[in-house]
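Undergrad: Sharing a structure below in structure tokens format, with a few things to ask.
The values are calculated or read from the model by the stated rules, or taken from the named source; none is laboratory data. Source: prediction; values computed, not measured. Cβ placement follows ideal geometry from the backbone for every residue including glycine, while neighbour counts extend to all protein chains displayed.
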Amino acid sequence: MQKIQGALAKQAGVETVKVLFNAAKVKAEFDSDQISADKLAETVTDLGYDVKSVKVK
């Protein structure tokens, strides 16, 4: 959990990160001009976790 949160928080443009471990979800607020949701998903995948879907609100 800390591993994912820390890795995402270091990305440029990421404002907040919350890992909902029991729900197997990550919620992040980010500046889409600096980073994309797909890039954040790639970061999580690089840590060895599966990303099943990406939703942007």
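Undergrad: Enumerate the pairs (first residue in the stretch 8-26 and surrounded by 12 or more Cβ atoms within 10 Å (Cβ to Cβ); second residue anywhere and in a loop (DSSP other than H, G, I, E, B) and at pLDDT below 95) with beta-carbon separation below 6 Å, excluding pairs fewer than 6 apart on the same chain, so at least 6 apart or on different chains.
TA: Val19/Met1
Undergrad: Which residue, of Lys27, Lys18, is out of contact with any helix residue (DSSP H, G or I) (no Cβ under 8 Å at 6 or more places or on another chain) and either part of a helix (DSSP H, G or I) or modelled with pLDDT of 95 or more (or both)? Working first, answer last.
TA: Details: Lys18 fails: out of contact with any helix residue (DSSP H, G or I) (no Cβ under 8 Å at 6 or more places or on another chain).
Exactly one residue qualifies, and that residue is Lys27.
Undergrad: To continue, here is another question. Limited to the stretch 30-57, what total is found for residues that are in contact (Cβ under 8 Å) with a residue 40 or more places away in the chain and not in a loop (DSSP other than H, G, I, E, B)?
TA: Residues of the stretch 30-57 in contact (Cβ under 8 Å) with a residue 40 or more places away in the chain: 44, 47, 49.
Those still in the list that are not in a loop (DSSP other than H, G, I, E, B) too: 44.
Summing the residues that are in contact (Cβ under 8 Å) with a residue 40 or more places away in the chain and not in a loop (DSSP other than H, G, I, E, B) in the stretch 30-57 gives 1.
Undergrad: Out of curiosity, is Lys3 touching a residue at least 24 places away in the same chain (Cβ under 8 Å) and either assigned to a loop (DSSP other than H, G, I, E, B) or surrounded by 12 or more Cβ atoms within 10 Å (Cβ to Cβ) (or both)?
TA: Working: touching a residue at least 24 places away in the same chain (Cβ under 8 Å): yes; either assigned to a loop (DSSP other than H, G, I, E, B) or surrounded by 12 or more Cβ atoms within 10 Å (Cβ to Cβ) (or both): yes.
Judged against the criteria, Lys3 is a match.
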